[in-house]
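Read through the structure below, which is laid out as structure tokens, and then see the notes.
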Amino acid sequence: MNPFTNLDAALATLHQRTSSSRFGLRHFKQCVADLGNPQLQLKVVHVAGTNGKGSVSNYVATTLELANYKVGLYTSPFLITHNDRFRINHQPISDARLLHYINKSLPYWESYNISMFEIDTLIAFWYFIDEAVDWAVIEVGLGGRLDATNVVMPKVSVITTIGYDHMDILGDTLPEIAFEKAGIIKQGVPLVTFNKDPEVFEVLEKVAFEKAAPITLTQAIETLEDKLFSQRFKYRDETIEIHSGAHYQRLNAALAYEALKLIQVEASALDDAHILQGLSQAKWPGRFDAISKDPLIVVDGAHNAAGIEALVENFEVLPRPIVVVFAALKDKDTESMLAILDAYSNHVIVTEFEFYRAQTAKALQYQDHFEVIEDYKKAIATATSMTEFGTTVVCGSLYFISQVYNTFVVKERE
């Protein structure tokens, strides 16, 4: 394959290399081994879980940056452009550099039969090494055990909440899914997680014991103050303030807090004040994010039943009426997600967006009273017309939120 001369063509070709049939670590593991395992040069914080991975990663990266470390952050999917997946001190990779690394990776695409995510992961390793980052915060793409990122040797591993998602690949039961997430646990490497579901924690604890990986569990969280888009809570005798009203972000902040405390041994410039300041300053777009205050439009990347349950916990603080605009991927448990949203909102509009895995709006109309508006821009406009003093909540898929964000935030700024 000839080198690409422009990024759009490169990305169009790269995006064609997405297939669940490619899921597995053998080819990519061989690829990086033949390249001398460059990823082992990086100091890594590795984050897995069903929900909250991106938020925890962002909390950790923001805090390390405040302590004057150069931090690489690799997350997926992207919110605005593909470049967003690769950040250094929160600045996305430039078009020229991304094109350079895509072309650099070309010889390995077919010889190792690697997927888009594996190519992206290799690019992240190269980019972070070339830029001599002090720390790399690496978010798992899917699962953990067989994920491309699982070739790293982290300083600490973090496993966030575990719920039902990607069951066609990860398994039908929570213990099966937990086993896949636990695959990131490495010999002797500390694990940060929490104990909410005994059948999940039993799996994590067993794997950690086998790997002699010490476990740090999050502790009790005491609410001090709840506001619409900020909150304060007590954690380990510290008062923590975060700029998100989402209750689920408390646990994510606590997980990040514990991970940061563990790496203080190696990150000697990182003190406790940095941790509190970093948690307070961190912002992660697309998660209980108000993209408009008047009318109030909140977008959230909740894309499975557990994520939706966490989202609706915050409906009690949102002005009513609440109208939900929902779109999702075909392989999600959309009926369960919509049943939850229907119970907690005043009206549900189902819509769709352009993506090869997206479900049609008609297929999402599980109840007769769900309103079908296929054009998501019209769906959001309709919702806001119904919520003059209330809230429009847009959710169902991070891919959907990405398109909404590009339409209603990026284009308005331009």
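Computed from the coordinates by the stated procedures, all read-outs in this text should not be read as laboratory data. Please read these numbers as outputs of a predicted model, since none were measured by experiment. Methodologically, a virtual Cβ is constructed for each residue, glycine included, from the backbone with ideal geometry; neighbour enumeration extends over all protein chains shown.
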Using the Cα centre of the range 289-413 as the reference point, and only Cβ charges (+1 on K/R, -1 on D/E), how large is the resulting charge dipole? Debye, rounded to the nearest 20. 360 debye
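When 1/r is averaged over all different Cα pairs and the result inverted, which Kirkwood radius in Å belongs to the chain?
Values: mean 1/r = 0.0457 Å⁻¹.
The Cα-based Kirkwood calculation yields 21.9 Å.
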Straight distance only, please: which aspartates and glutamates reach the Cα of Lys104 with their own Cα at less than 17 Å, same-chain residues fewer than 8 apart left out? Asp8, Asp34, Asp95, Glu118, Asp120, Asp130, Glu131
Estimated 222 nm signal from helices in the chain, with DSSP H stretches of n ≥ 4 weighted -39500 (n - 2.57), rounded to 500: -11000 deg cm²/dmol
Using a 7 Å offset from the Cα along the Cα-to-Cβ direction at both Val265 and Asn2, what is the distance between the two label points in nm, to one decimal? 5.4 nm
Per DSSP, loop trypsin sites (Lys or Arg not before Pro) in the range 170-246 with at most 14 further Cβ within 10 Å: Lys196, Lys227, Arg236
Run the numbers for Arg357 and Ala339: contour at 0.36 nm per residue of separation, minus the present Cα-Cα distance, in nm. 4.3 nm
Say the dipole of the chain comes from +1 at the beta carbon of Lys and Arg and -1 at that of Asp and Glu; which of Val298, Gly36, Val156 then lies farthest toward its positive end? Gly36
Could you tell me whether the range 79-197 comes out rounded, prolate or oblate from its Cα gyration tensor? Rule is a ≥ b ≥ c as square roots of the eigenvalues, rounded for a/c under 1.5, then prolate if a/b exceeds b/c, otherwise oblate. prolate
Given charges of +1 on the Cβ of Lys and Arg and -1 on the Cβ of Asp and Glu, with all other atoms neutral, how large is the dipole of the chain about its Cα centre, in debye to the nearest 20? 880 debye
Dividing the Cα radius of gyration by the Kirkwood radius, what Rg/Rh value follows for the range 3-100? 0.97
Positive-pole candidate from Phe201, Thr13, Ile373, dipole of the chain, charges at beta carbon: Thr13
Which pairs break 20 Å Cα to Cα here: Lys53/Lys206; Lys43/Lys261; Lys53/Lys196; Lys29/Lys53; Lys293/Lys377? Lys53/Lys206; Lys29/Lys53
Sequence-separation-based contact order of the range 289-413, relative, with Cα cut under 8 Å and 6+ spacing, percent: 36 percent
Within the range 289-413, the percent of DSSP beta bridges that are antiparallel, given to the nearest 5, stands at 25 percent
Modelling each spin label as a point 7 Å along the Cα-to-Cβ direction, I'd like the Glu225/Asp368 distance in nm, to one decimal. 4.9 nm
Could you order peptides 79-86, 144-151 by the average number of other Cβ atoms within 10 Å of their residues, highest first? 144-151, 79-86
Thinking of the range 213-315 as a set of Cα atoms, what percent of all their pairs are more than 17 Å apart? 56 percent
Mind listing the long-range amide H neighbours of Ala213? Cut-off is under 5 Å, sequence gap 5 or more, other chains count too, H placed in the peptide plane at 1.01 Å from N. Gly188
When the range 289-413 is reduced to its Cα atoms, the Kirkwood hydrodynamic radius in Å: 14.0 Å
Given charges at beta-carbon only (K, R positive; D, E negative), |dipole| of the range 316-358 in Debye: 60 debye
Cα to Cα, under 15 Å, and not fewer than 8 places away if on the same chain: which aspartates and glutamates meet these conditions relative to Lys362? Glu335, Glu352, Glu354, Glu371, Glu374, Asp375
Which whole-number percent gives the relative contact order of the chain, counting Cα pairs below 8 Å spaced six or more residues apart? 16 percent
Name the residue from Val393, Gly307, Tyr405 whose Cα lies farthest towards the positive end of the charge dipole of the range 289-413, charges +1 on Cβ of Lys and Arg and -1 on Cβ of Asp and Glu. Tyr405
Express as a percent, rounded to the nearest 5, the fraction of DSSP beta bridges in the chain (both residues included) that run antiparallel. 40 percent
